[in-house]
Amino acid sequence: MASTDKPSLPASSSTRLTKTIVSLLVASHFVAVLVTYSANWRRSSIQDDILTLGQPYLIGLNWYVEMLPIEWNRADSADLKTRLSVQEKNDTERLILLDSNADTMDRAKKRNLLRLLVSILEAGDDDGAALLLSSMIKHEQASATRTKNPIVSVRLEKLLDARDTNYSVLYEATVKQSSDGTIKFLPVLEAQRTVPAIRPETSSPAS
């Protein structure tokens, strides 16, 4: 008498394969959850690699924080909406240079630049902020899509709270550009000092 179990073997094998695939997907999902939330505490290079690899999946779930750790109980100050505007010479209107709320292909890069700038300014590092702003201005003025008029003013605005609707000025300065390409920033609220776009040389000890 022929065995009746043989025809069921392919179906059983297919069932085991399906269960294995589903189990792997579920395990991967929970690994993504674990890495995403644990990375908000102290992020390692391995977690960075996993988050980068899982970008499509994490963004689809609205989990991806674009490589910026946040606190457990509130959004980090640098993660709030921010925009950087500039004003060209002989022009009264301001142009938005960077906007964290922009919906463009390079939005992640713009948001990260703004977050870095906010973090540097809030840490009180004027030299670091000047270097970053100087690089942004030089890149913008060299862009083929822009006019050749020099930038004479910069303004960084942000929301102080996620519930706010109006932006507050975090930093504003007049831009001074010399013929040799050096850029200095004269803060509007601190007109008594300038912020050079180069770090000061270490003074040599007196002999």
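For the reader, a short list of remarks on this structure follows.
- Under 5 Å from the amide H of Y171 lie the amide H atoms of L156, each residue being 5 or more positions distant or on a separate chain, with H modelled from the backbone and absent for Pro and chain starts.
- Over the C-alpha atoms of region 77-196, the Rg to Rh ratio, Rh being the Kirkwood estimate, stands at 0.94.
- Tensor-based shape of region 12-60 (alpha-carbon gyration tensor, a/c under 1.5 rounded, otherwise prolate or oblate): prolate
Here, each number is a calculation from the coordinates, and none is a lab measurement. The shown structure was predicted, so the numbers you read here are calculated from the model rather than taken from an experiment.
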